[in-house]
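This report concerns only the one structure given below.
The values are calculated or read from the model by the stated rules, or taken from the named source; none is laboratory data. In this text, all values refer to a predicted model and were calculated from it rather than measured experimentally. Glycine also receives a Cβ, built like all others from the backbone with ideal geometry; neighbour counts cover every protein chain displayed.
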Amino acid sequence: MSTRKASLTDKQTKNGTSKYVLERCASINEYYDIAFKVMLLGDSAVGKTCLLVRFKDGAFLGGNFIATVGIDFRNKVVDVDNLKVKLQIWDTAGQERFRSVTHAYYRDAQALLLLYDITNKPSFDNIRAWLTEIHEYAQKDVVIMLLGNKSDMAAERVVKTEEGEKLAKEYGVPFMETSAKTGVNVELAFLAIAKELKHRATQQPNEPKFQIHDYIESQKHKSGCCGL
């Protein structure tokens with residue numbers, strides 16, 4: 001079956017700096033109205049690949065596995081306000097030697113999920129360096145979310161929840177703790193991003209701005225998170 005695409009409309013964000021193309025795609029295994037590029041960032045071994053696999057496949061990569069080399073991506077289509085939103089999620093290597101490769105992909109990303117490991121203090125301390133890189137290479141209006149991963153490992157925690165909240169507040173970005181192992185807040189993180197991006201792309205002049213911080217707070221304590 002051949003792929004059919006038809007451009008519906010071009011929309012700009014409120015400040016006019018980013019353009020998104022709404023498109024409808026019908027194929028043998030995929031149908032979506034609008035697509036966005038999302039990147040996972042953070043030090044090596046903070047759980048970026050595990051987070052992606054949990055969201056995409058509902059599975060956990062337990063045990064030892066090969067670290068991401070360079071960059072990889074997976075697609076997932078989610079429902080947001082009666083639209084099919086395709087997230088093209090790029091999984092990046094955290095090692096310094098791959099950093100220049102990662103930089104090349106920043107510019108086209110509409111959203112960045114920045115991870116640290118709550119059991120690894122250096123991964124948290126390095127968040128400021130990651131944010132510096134983001135501000136240097138990414139779009140000015142890119143959506144950023146800070147995630148403290150491996151929240152299931154409470155006995156080994158070295159980064160307090162309050163520390164993550166404080167840092168996120170300092171930079172004005174949403175924050176939550178996630179667990180790729182148990183699935184806690186994983187879906188919420190991606191769906192909140194999808195909802196924010198969808199609203200930016202389709203928002204009408206008289207329509208209220210979507211408040212991602214408020215949405216996350218209203219959803220993250222609900223069991224079986226999280227419908228849109």
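So which residues in region 133-164 are of a type in the set (S, T, N, Q), touching a residue at least 60 places away in the same chain (Cβ under 8 Å) and under 13 Å from Ser179 (Cβ atoms)?
Taking region 133-164 first, the residues of a type in the set (S, T, N, Q) are 139, 149, 151, 161.
Right, trim to touching a residue at least 60 places away in the same chain (Cβ under 8 Å) and you get 139, 149.
Within region 133-164, Asn149 is the sole residue that qualifies.
Would region 25-35 turn up any residue that is within 17 Å of the chain's Cα centre (by Cα) and at pLDDT 90 or above? Walk me through how you get there before you give the answer.
Let us first name the residues in region 25-35 that are within 17 Å of the chain's Cα centre (by Cα), namely 34-35.
From the residues that got through so far, the ones that are at pLDDT 90 or above too are 34-35.
Checked against the condition, which is being within 17 Å of the chain's Cα centre (by Cα) and at pLDDT 90 or above, region 25-35 yields at least one hit.
Candidates in region 142-164 are the residues that are β-branched (Val, Ile, Thr) and out of contact with any Leu (no Cβ under 8 Å at 6 or more places or on another chain); of these, the one that is surrounded by the most Cβ atoms within 10 Å (Cβ to Cβ) is Val159.
Highlighted here are the strands (runs of 3 or more DSSP E) found entirely within region 90-179 that include at least 2 residues which are touching a Ser or Thr at 6+ places or on another chain (Cβ under 6 Å): 111-117, 143-149.
Within region 208-219, work out how many residues are part of a loop (DSSP other than H, G, I, E, B) and either under 18 Å from Tyr171 (Cα atoms) or among the small types (Gly, Ala, Ser) (or both).
Restricting attention to region 208-219, the residues satisfying the condition of being part of a loop (DSSP other than H, G, I, E, B) are 208-211.
Checking the rest, the ones that are also either under 18 Å from Tyr171 (Cα atoms) or among the small types (Gly, Ala, Ser) (or both) come to 211.
Here the count works out to 1.
Residues in region 183-205 that are within 18 Å of Gly47 (Cα to Cα) and in contact (Cβ under 8 Å) with a residue 60 or more places away in the chain: Gly183, Val186, Glu187, Ala189, Phe190. Screening Thr132 against (1) of a type in the set (Ser, Thr, Tyr); (2) more than 15 Å from Ser44 (Cβ to Cβ); (3) in contact with a strand residue (DSSP E or B) (Cβ under 7 Å, 6 or more places away or on another chain) leaves a single unmet condition, (3).
Please go through region 165-195 and pick out each residue that is β-branched (Val, Ile, Thr) and surrounded by fewer than 23 Cβ atoms within 10 Å (Cβ to Cβ). Result: Val173, Thr182, Val184. Screening region 185-207 for residues that are assigned to a loop (DSSP other than H, G, I, E, B) and more than 15 Å from the chain's Cα centre (by Cα) and picking the one that is nearest to Leu52 (Cα to Cα) gives Gln203.
Screening Phe73 against (1) of a type in the set (Phe, Trp, Tyr); (2) modelled with pLDDT under 90; (3) closer than 18 Å to Gly164 by Cβ leaves a single unmet condition, (3).
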